[in-house]
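Throughout, read-outs are computed from the coordinates displayed, never taken from laboratory work. If you're wondering where the values come from, they're calculated on a predicted model, not measured in any experiment. Note: ideal-geometry Cβ built from the backbone for every residue, glycine included; neighbour counts use all protein chains shown.
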Amino acid sequence: MNRWLLGPAVKPVLFLACLLPALWLVYAAASDQLGANPAEALIRSTGDWTLRMLCLVLAVTPLRIQLKLPALARLRRMLGLFVFSYAVLHLLCYAWLDMGLEPGDIARDIAKRPFILVGFTAFVLLTLLAATSWNRAIRALGAARWQALHRLVYAVAVLAVLHFFWMRAGKNNFAEVQVYAGVLGLLLGWRLWRLWSGQRRGAAVGQARIDQGPR
């Protein structure tokens, strides 16, 4: 399987698969297949796909480690840029279809409604991650600082779920929120478990060396 994941066709196939939802939304909008409220359908769908892509990105490392498939790491950057791309579409649909591209109205709406402020904060962090996703940025920042910066994706995940929760709170509809929160909770929980396990193993090794005494 690892050899298959290293194949030249994998990235183009995955790229097309990630692009298909956006292409479908364009087609559905052009052919009037988005229901009675096309603007709301576009805003919600692009937001949903942002969350789905975020789940995929955060699933790469657990799958890579648990399934012993190091080649999965080469797909992470592309998936991360798709998260940002769908977030851009989500913001554009809101700014254009909901607010008429009026900067003043958009700024007042962000300041007035907490769930939009949280979502916009997540978008700002995503923009920072996307802008530093290139090899030149890694070299400029250094690997350690780059990795520390890109841990902001965990904050993005929390803010994205909070944004979704507050948005659905008005309609008291939390079924989908629970699904995304559960998936992202598992993915973040796995990382915390790995960190805790690593610290315990390090402490155990250190204690064993102390017990053995100097050699």
Checklist outcome for this item: Picking from A144, A95, A137, the residue that is surrounded by fewer than 18 Cβ atoms within 10 Å (Cβ to Cβ) and under 27 Å from V10 (Cβ atoms) would be A137
Checklist entry - Is it true that some residue in the stretch 100-114 is surrounded by 16 or more Cβ atoms within 10 Å (Cβ to Cβ), among the charged types (D, E, K, R), over 22 Å from F15 (Cα atoms) and out of contact with any Cys (no Cβ under 9 Å at 6 or more places or on another chain)? => result yes
Next on the checklist: Restricting to the stretch 166-194, name every residue that is among the aromatic types (F, W, Y) and either within 19 Å of V83 (Cβ to Cβ) or outside any helix (DSSP H, G or I) (or both).
Outcome noted: F174, Y180, W190
Checklist outcome for this item: The helices (runs of 4 or more DSSP H) lying wholly within the stretch 91-151 that contain at least 3 residues that are closer than 18 Å to R76 by Cβ are 114-131, 135-141, 143-150
Item to check | Pick from the stretch 42-68, criterion among the basic types (K, R) and over 25 Å from T127 (Cα atoms), ranking: surrounded by the fewest Cβ atoms within 10 Å (Cβ to Cβ) | outcome: K68
Checklist entry - Can you find a residue in the stretch 52-64 that is out of contact with any strand residue (DSSP E or B) (no Cβ under 9 Å at 6 or more places or on another chain), farther than 19 Å from V153 by Cβ and among the charged types (D, E, K, R)? => result no
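Listed residues A71, A28, A39, A17; which is part of a helix (DSSP H, G or I) and surrounded by 16 or more Cβ atoms within 10 Å (Cβ to Cβ)?
Result: A28 is the single residue among A71, A28, A39, A17 that is part of a helix (DSSP H, G or I) and surrounded by 16 or more Cβ atoms within 10 Å (Cβ to Cβ).
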Next on the checklist: List the residue pairs whose Cβ atoms are under 7 Å apart, where the first residue sits in the stretch 104-116 and is under 18 Å from L159 (Cβ atoms) and in contact (Cβ under 8 Å) with a residue 12 or more places away in the chain, the second is not aromatic (F, W, Y) and not in a helix (DSSP H, G or I), and the two are 6 or more positions apart or on different chains.
Outcome noted: none
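Rundown of residues vs (1) more than 22 Å from H90 (Cα to Cα); (2) surrounded by 17 or more Cβ atoms within 10 Å (Cβ to Cβ); (3) in contact with a helix residue (DSSP H, G or I) (Cβ under 6 Å, 6 or more places away or on another chain), yes/no style:
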| residue | (1), (2), (3) |
| --- | --- |
| L149 | yes, no, no |
| A157 | no, yes, yes |
| H163 | no, yes, yes |
| W166 | no, yes, yes |
| N173 | no, no, no |
| E176 | no, no, no |
| V179 | no, no, no |
| W193 | yes, no, no |
